[in-house]
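First comes the structure, then the notes that go with it.
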Amino acid sequence: MSKPPSSPSFDHFGVAQVLKQHPLKLPLNQREYSWEEEHVNELFDDLEHAIELGKANYFLGTIVVKAGSPPEVVDGQQRLATVTILLAAFRDYLTGEGKGMEMIYLDIEQKFLSDIDREERERIPRLTLNVDDNEFFKKRILSSPRSADRGIAPTRASHKRIVIAADLAKGKVAAMTQGQTEKNKIRRINVWLDYLEKNATVILVTTPDDLNAYVMFETLNDRGLKTSQADLLKNFLFGESDDRLSEAQQKWSAMVASLEILDSEDVVMLYLRHVTSALYGATREKEIFEKIKQMVTGKNRTLEFLDALERYAEDYSAMLTPSHIKWTSYDQSIRFEIETLAELPSGLIRPLMLAVAHHFSKAEALKAFRLFISWTVRFLIVGGGRSGALETAYSSAAKSIVDGKIKSAVDLQKSLVAILPKDKQFEESFALARVSKSKLARHYLRALEAFERRDSNPEVAPVKNTDIVNLEHILPQSPGTNWPGIDTETAEAYSSRIGNLVLLGTIPNGYVGNEAFAQKKKVYTSCPIQLTKKVGEKNKSWGVKEINVRQAELAKLAVKTWPILPL
């Protein structure tokens, strides 16, 4: 890439091969590392799935770079950074594992992580991040696992995301090598390294200047991209429908019309993924076209499939819309369950929601949707599971419903009992859980409060409106002089623990702020929210011990609030 091209060039490489070819850098003002845990898990699980199936090619997308020395990454930096984190995790695992392992350690280091500047006599990272993340990335990820630099503390949200990604990568490597002989460890690691270098592919677009790079970036990220994928599938189905084309067109149009009320730019592709998973088993986005092409051939099967798309689309819209007309004849509490699921990260369970909405009786659907809330919360708290495995299990259960093998909430729970977090595991995890997202913390506390009050529907009280009731950290996130004896490290570790959180009216919440506990206690004691009131009534002081005691009590309540079995 020493001579810049006069026009954009397109090459096909393994993603690790892109890192191996030449050092890359991000522009100084490029966005920070932004992938959350779900994005990292999805990439790792997709790679594992492709390797297990022996797929000759797994397409990761497009990377756009501007020619230069070194080339600048305009698009694709999140994937490159995450793959680099995974490669570094392989290298770290091999540290001190003996001579055979050390050779692979050096190979990873020299091929994928760093280059040598002979004149300066120093290592140059093969991927340089933006100005906010680069120094942290170099020390926490790229430096030797024995280096003191690895102890660098994160100071930005993007740094914390990098740490989370590194922990997930470390866990993935540990899981694939656990209990293996040294020979099998090396074999498994080499399979992954070879796959990243040769089979997990990207299209590398190299442009001569900033303008071309920007235009290419906008083109590739245009919201019409998802639409074009849907159009590709639509054209295939229309082609298969032969002399029943007009009927096929009518069914497709009816499907799209049902989905339009959801007002989401990717709704057609999301729906196609979820309905295909319910009908045929877990389907990743990249597999939709391949699976449908495999399962749907000839005009009769094509029309049957289009008929299913039309019928299920109405239920898909309904399961994401609490006010949908479908729910008029149901027990009206089902609207609250749907609203609650919309508040939670519940994307993985949507194929199962769809199957239940379409096939279960009204009474059983209500029971199932309540279970979905419990299961989703349990997995959020327990964590640690493979999102791919969970999606596969949910989709398999959905297919069993479609096939008529599961017809009740009890039978559904029995089919998934092996993967659902048990009461003891949930209670233990809840007793230690930290919740960084205020929206989730408010949800947990509302549900716990409602169960404590024995409200008829524990998912809708107390008030959801954050203008009226909001989240309060008893031990403040930044304690200040009103909290002597609480250092910054303790505050950071305990301020987001569930045991340290209460719901409080917005006016007193703003008033108490960082006040000492003696002042807060007066406000809590007069609060009508029972779980908040108890904090004021039962405690003379507040610190680590009190947080742990309260959280253990809330954990016992959580097991009852989010039961694993239908009530």
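The values are calculated or read from the model by the stated rules, or taken from the named source; none is laboratory data. Note that the coordinates shown come from a computational prediction; the quantities given were computed from them, not determined experimentally. Here Cβ is always computed from backbone atoms with ideal geometry, including for glycine, and neighbour counts include all displayed protein chains.
What number of residues in the stretch 166-195 are among the β-branched types (Val, Ile, Thr) and more than 23 Å from residue 81 (Cβ to Cβ)?
Keep residues of the stretch 166-195 that are among the β-branched types (Val, Ile, Thr), which gives 173, 177, 181, 186, 189, 191.
Restricting the remaining residues to those that are more than 23 Å from residue 81 (Cβ to Cβ) gives 177, 181, 186.
Adding up the residues that qualify gives 3.
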Reported set for the stretch 523-544 where residues are β-branched (Val, Ile, Thr) and closer than 19 Å to residue 452 by Cα is 525, 529, 532, 535
Checked 340, 328, 302 against criteria (in a helix (DSSP H, G or I), buried (at least 22 other Cβ atoms within 10 Å of the Cβ) and more than 30 Å from the chain's Cα centre (by Cα)); the one match is 302
For the stretch 419-428, the count of residues that are at pLDDT 95 or above and within 21 Å of the chain's Cα centre (by Cα) equals 1
Output for Cβ contacts, cut-off 8 Å, separation at least six or different chains, first residue closer than 10 Å to residue 241 by Cα in the stretch 293-312, second hydrophobic (A, V, I, L, M, F, W, C) and outside any helix (DSSP H, G or I), reads 302/296
Sole miss for residue 523 among (1) assigned to a helix (DSSP H, G or I); (2) under 35 Å from the mean Cα position of the chain (by Cα); (3) not aromatic (Phe, Trp, Tyr) is condition (2)
Checking 226, 234, 251 in turn, the sole residue that is within 24 Å of residue 310 (Cβ to Cβ), modelled with pLDDT under 75 and either of a type in the set (Asp, Glu) or surrounded by 13 or more Cβ atoms within 10 Å (Cβ to Cβ) (or both) turns out to be 226
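With the requirement that a residue be more than 11 Å from residue 382 (Cα to Cα) and surrounded by fewer than 18 Cβ atoms within 10 Å (Cβ to Cβ), what does the stretch 408-422 give you? Give the derivation first.
Just the residues of the stretch 408-422 that are more than 11 Å from residue 382 (Cα to Cα), to begin with: 408-419.
Of everything in the stretch 408-422, those that are more than 11 Å from residue 382 (Cα to Cα) and surrounded by fewer than 18 Cβ atoms within 10 Å (Cβ to Cβ) turn out to be 408, 410, 411, 414, 415, 417, 418, 419.
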Checklist entry - Do we find a residue being of a type in the set (Ser, Thr, Tyr) and either free of Cβ contacts under 8 Å to residues at least 40 places away in the same chain or in contact with a helix residue (DSSP H, G or I) (Cβ under 6 Å, 6 or more places away or on another chain) (or both) anywhere in the stretch 64-72? => result no
For the stretch 316-325, the count of residues that are over 25 Å from the mean Cα position of the chain (by Cα) and among the β-branched types (Val, Ile, Thr) equals 1
query = Does residue 175 meet the test of being touching a residue at least 60 places away in the same chain (Cβ under 8 Å) and assigned to a helix (DSSP H, G or I)?
reply = no
Across the stretch 244-263, the tally of residues that are more than 15 Å from residue 316 (Cα to Cα) and among the acidic types (Asp, Glu) stands at 1
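With respect to residue 390, determine if the residue is buried (at least 21 other Cβ atoms within 10 Å of the Cβ) and assigned to a helix (DSSP H, G or I).
no
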Scanning the stretch 15-38 for residues that are touching a helix residue (DSSP H, G or I) at 6+ places or on another chain (Cβ under 8 Å), modelled with pLDDT under 90 and not charged (D, E, K, R) gives 24, 26, 30
Condition met for residue 343 (touching a Lys or Arg at 6+ places or on another chain (Cβ under 6 Å) and over 16 Å from residue 400 (Cβ atoms))
no
Okay, strands (runs of 3 or more DSSP E) sitting entirely in the stretch 1-92 with 1 or more residues that are of a type in the set (Ser, Thr, Tyr), surrounded by 19 or more Cβ atoms within 10 Å (Cβ to Cβ) and touching a strand residue (DSSP E or B) at 6+ places or on another chain (Cβ under 6 Å), I get 58-66
Residue hits (the stretch 264-283; crowded, with 18+ Cβ neighbours inside 10 Å and part of a loop (DSSP other than H, G, I, E, B)) are 282, 283
